[in-house]
Amino acid sequence: MHLAEKDLLEKTLEEHNDVFADIVNALGFGGGMLVEPESLKAGAHGFNL
């Protein structure tokens, strides 16, 4: 898989609230469930809390 394909796959996965919330929680909060998928909504430039 080429780098461009990996980037597209990553961006596609991040469009799903549950995946995005898992990424933010894992990387930003050490795995704590601070960001809930239900609390995310689509904004002009992606998702907003």
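Each reported figure results from applying straightforward, stated rules to the coordinates on display, with no laboratory input. This one's a predicted model, so the numbers in the text were calculated from it and none came from an experiment. No Cβ is skipped: glycine too gets one built from the backbone with ideal geometry, and neighbour counts run over all protein chains shown.
Key figures for this structure:
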| quantity | calculated |
| --- | --- |
| Viscosity 1.567 mPa s, temperature 4 °C, Stokes-Einstein D of segment 3-48 from Kirkwood C-alpha radius, µm²/s | 116 µm²/s |
| With Cα atoms, 0 to 90° folded angle of helix 17-28 axis to the chain main axis | 80 degrees |
| Formal net charge of residues neighbouring ILE23 (Cβ-Cβ distance under 11 Å; K, R +1; D, E -1) | -4 |
| Net charge, GLU36 excluded, C-beta distance under 14 Å - Lys, Arg +1, Asp, Glu -1 | -2 |
| Student exercise, the chain dipole from Lys, Arg, Asp, Glu Cβ charges, in Debye to nearest 20 | 120 debye |
| Positive minus negative residues near THR12 (Lys, Arg vs Asp, Glu; Cβ under 14 Å) | -4 |
| Exposure proxy order (Cβ contacts within 10 Å, fewest to most) of LEU13, LEU40 | LEU13, LEU40 |
| Helix-only CD estimate at 222 nm, as mean residue ellipticity for the chain, using -39500 (n - 2.57) per DSSP H run (n ≥ 4) | -15000 deg cm²/dmol |
| Rounded to 10°, Cα long-axis angle of helix 3-14 versus longest principal axis of the chain | 30 degrees |
